[in-house]
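Just so it is clear, none of the values below were taken in a lab; they were calculated from the coordinates. Note that the structure is predicted; figures quoted are calculated from it, not measured. Every residue, glycine among them, receives a Cβ derived from its backbone with ideal geometry; neighbour counts consider all protein chains shown.
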Amino acid sequence: MSEPGNIGGFRPRRYRTDGGGPDFGRMIEALRRIQDGITAADAPEGVVTEVADMLEKVAAAVEPYEVDEEGMIAGRRVDLPGRGQALIPPLEYDEWDEDHVVARCSMGRFYLGANGAAHGGVIPLVFDEVLGRLANTGRPVSRTAYLHVNFRAITPIDAPLRVTGTVVRIEGRKRFLTAALHHGDTLCADGDALFVALNPGQP
Ligand SMILES: CCCCCCCCCCCCCCCC(=O)SCCNC(=O)CCNC(=O)[C@H](O)C(C)(C)COP(=O)(O)OP(=O)(O)OC[C@H]1O[C@@H](n2cnc3c(N)ncnc32)[C@H](O)[C@@H]1OP(=O)(O)O
């Protein structure tokens, strides 16, 4: 796997496949279930109280182990869906090189907007994630300068989705990429983005 290059003052995040022990992936998977389950539930008051108590205990169990950004595991586990970061939909990569990427995911109730459609904000999140990963594969680190998204059809939740990303061209520090999100043959969204390679000292 090719990592983004190091430059200037930017300390690139190191990918890893071992951090957090064998149960880290299980913990994040459970967190995703909690996100979906709580979002979907209309539970009786007693259950809500019980769950709130349990979640407060969970928070208290992990808070003593907070580390700075350099030490974090979440977001670096490229072997886990969505890099083990529960904000990101559980993307799994089928193809990934320096020119293109193909990923798939299904978004649960946590990502619901309304009427069975995914929230409009999660589509740019998915594109930024997939294109950011592609833009920074085998190249010095870049950041998103713009990301234009067209919503072509609703993106259903709890349905298999396919995300593709392509590097269209590179001009000096500028990397132009496109993305598409499909459900079956239906194009749900597409977009184009500019990533700009960081100069030394840029955060
Ligand atoms: C996190 C990153 C690394 C991670 C590594 C590990 C990767 C693991 C996977 C991670 C997957 C998730 C990855 C998420 C990636 C983000 O989401 S990053 C977060 C969102 N983006 C930001 O916060 C960026 C904020 N903006 C900036 O920092 C600065 O504006 C930028 C983008 C670095 C550009 O600033 P600058 O270096 O001063 O650039 P500048 O010299 O003004 O412009 C350079 C060229 O770009 C053009 N340009 C710049 N902005 C624009 C624009 N908006 N429109 C059109 N043209 C533009 C200029 O016109 C210029 O063109 P030329 O004159 O050379 O032809």
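Details
- The chain: angle of helix 45-62 to the longest principal axis, Cα-based, in degrees nearest 10: 50 degrees
- Long-range amide H partners of Trp96 with built H, under 5 Å: Val102
- Entry note, region 21-88: relative contact order of 36 percent, from Cα contacts under 8 Å with a spacing of 6+ residues.
- Compared with the dominant Cα axis of the chain, that is its longest principal axis, helix 24-40 is turned about 70°.
- Using a cutoff of 8 angstrom between alpha carbon atoms and counting only pairs six or more residues apart, the relative contact order for region 54-122 works out to 14 percent.
- Region 87-146 and region 46-70: distance between their alpha carbon centers, rounded to Å: 27 Å
- GNM top mover of Ala189, Ala145, Ala59 - the chain, alpha-carbon springs below 10 Å: Ala59
- Residue-wise HN-Hα couplings along region 184-195, as the Karplus relation 6.51 cos²θ - 1.76 cosθ + 1.60 with θ = phi - 60° gives them from phi, are x, 8, 7, 7, 7, 7, 9, x, 9, 9, 10, 10 Hz; Gly and Pro carry x.
- Debye intensity ratio in log₁₀ form over the Cα atoms of the chain, taken at each q of 0.18 Å⁻¹: -1.31
- Hz values of 3J(HN,Hα) by residue in region 172-178 - Karplus curve (6.51, -1.76, 1.60), Gly and Pro given as x: x, 7, 9, 10, 9, 10, 10
- Segments 19-29, 78-88 sorted - mean Cβ within 10 Å per residue, highest first: 78-88, 19-29
- Backbone amide hydrogens, once placed in the peptide plane, bring Arg139 within less than 5 Å of Gly5, excluding anything fewer than 5 places away on its chain.
- Region 92-203 - Rg and Dmax from Cα coordinates, angstrom: 14.3, 46
- Nonlocal amide H pairs with Ala118, under 5 Å, H built at 1.01 Å: Gly113, Thr155, Ile157
- Using θ = phi - 60° and Karplus 6.51 cos²θ - 1.76 cosθ + 1.60, couplings along region 156-162 (whole Hz; Gly, Pro as x): x, 7, 6, 9, x, 10, 10
- In this calculation the C-beta distance from Tyr146 to Asn115 is compared with R0 = 41 Å, giving a FRET efficiency of 0.90.
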